[in-house]
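First comes the structure, then the notes that go with it.
The values are calculated or read from the model by the stated rules, or taken from the named source; none is laboratory data. Computed from a predicted structure; not experimentally measured. So basically every Cβ, Gly included, is an ideal-geometry build from the backbone, and we count neighbours across all protein chains shown.
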Amino acid sequence: MEEEKKQISESLPETPVSQEELHGENLTDRAKVLSPGMMVMKRFFRSKLSMIGLITLIALFLFAFIGPFFSVWSGADFDGMVIDYENAKNLVVSQKLEYVVNGETFYAFSITETPMTKNVKGDITWSHWLGTDEHGWDIFTRLMLGGRISLTIGFVVVILETVLGVVLGGLAGYFGGWVDQLVMRIVDILSCIPTLPIMLILSATLTSLEILDIRRLYYLMVVLTLFGWAGTARLVRGQILSLREQEFMLAAKCSGLSTYRKIFKHLIPNVMPQLIVSMTLGLGGIILTEATLGYLGLGAPLGTATWGAMINYATQEEYLSMYWNFWVPPGICITLAILAFNFVGDGLRDAFDPKMKR
């Protein structure tokens, strides 16, 4: 017995060992450990394509939302109808006529339009960098206002469909049973409905009802939201089905937490990384859909500046062959926006991937 104690004492180190060294750690290595949020940011900003996409998005937002304030032709309403007052002066009131019919006085004006000598359609000048259109509106200013509407539609639709998909998908994944069956059957029905014919019918219906103002955009956002939340609901449901059997959910159940807290305080935050990536990639798709509908004449009302409505000029032979400045710039902006959103989405996907190295 004495010999065993002597062997154990000889095997012990002569110098005292700290607690960190016993666990194979030291304070220097512990200081280098980053929090999960810092690790995600480090991975994201380390990607060159993600940074290119982020810088491009910032430039597009500044161009669309801040740029019109610095334009001399920015006296426009939400419809983007920028009037070139220099051309408006060419409309001269030459004679005012007065008529009396059944005791009521009516006025008429004889208006002659002189040939425009400045800012002719398509001409690029120092004051109009992309020229003016057939109405005398500055194309460069309309390009900025069009980006404002197109980007706003994208963000509003993505946020609405994400909220709807998270709520319904979360309920379906957590409760299961008849709730899951009901929500998933609605998702299946929406997935089978062809979107483009519905848009054609909606456009014809709105035209027959003489809804030709900005309300057409509101109806467009509602329809895109109704058809877009199904994919988000599928994603949330699948993630919650795998998360609800984890140990932390069992602990939450034993703690007596309410259903609301278990779904929206424990399950949904664990699905947020996938949701952020899905939202980022979906923004580009919404902008492309709006541009496609605008190209087909189904989107914004007549006179409203959107990138899709502006690129619609390419459907006319005259503009396609002679006036490239009408439709090429909005096409470039749409391409840049979609590429930028895809780059940012790919960067977020890689950054949130726990298998990525530090």
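What pairs can you find where one residue is in the range 148-160 and within 17 Å of residue 335 (Cα to Cα), the other is small (Gly, Ala, Ser), and their Cβ atoms are less than 6 Å apart, with a gap of 6+ or different chains? So the pair list comes out as 148/64; 151/64.
When you go through (1) outside any helix (DSSP H, G or I); (2) closer than 26 Å to residue 276 by Cβ one by one for residue 213, which number turns out not to apply? With (1) outside any helix (DSSP H, G or I); (2) closer than 26 Å to residue 276 by Cβ applied to residue 213, the lone miss is (2). Considering the range 100-124, and only residues there that are modelled with pLDDT of 70 or more and not hydrophobic (A, V, I, L, M, F, W, C), the residue that is nearest to residue 59 (Cα to Cα) turns out to be 105.
Would you say residue 308 is assigned to a helix (DSSP H, G or I), modelled with pLDDT under 85, more than 22 Å from residue 182 (Cβ to Cβ) and in contact with a helix residue (DSSP H, G or I) (Cβ under 6 Å, 6 or more places away or on another chain)?
On the way: assigned to a helix (DSSP H, G or I): yes; modelled with pLDDT under 85: yes; more than 22 Å from residue 182 (Cβ to Cβ): yes; in contact with a helix residue (DSSP H, G or I) (Cβ under 6 Å, 6 or more places away or on another chain): yes.
Here the answer is yes, as residue 308 does meet what is asked.
Restricting attention to the range 246-295, and to residues there that are touching a residue at least 60 places away in the same chain (Cβ under 8 Å) and over 20 Å from the mean Cα position of the chain (by Cα), which single residue is surrounded by the fewest Cβ atoms within 10 Å (Cβ to Cβ)? Top of the filtered list is 259.
Restricting attention to the range 256-297, the residues that are hydroxyl-bearing (Ser, Thr, Tyr) and under 14 Å from residue 174 (Cβ atoms) add up to 3. When each of 248, 326, 341 is tested for being under 20 Å from residue 131 (Cβ atoms), assigned to a helix (DSSP H, G or I), at pLDDT 80 or above and in contact with a helix residue (DSSP H, G or I) (Cβ under 9 Å, 6 or more places away or on another chain), the lone residue that passes is 326. Scanning the range 159-185 for residues that are surrounded by fewer than 17 Cβ atoms within 10 Å (Cβ to Cβ) and under 13 Å from residue 244 (Cα atoms) yields 175, 176. The single condition among (1) without any contact (Cβ under 8 Å) to a residue 60 or more places away in the chain; (2) surrounded by 13 or more Cβ atoms within 10 Å (Cβ to Cβ) that residue 189 does not meet is (2).
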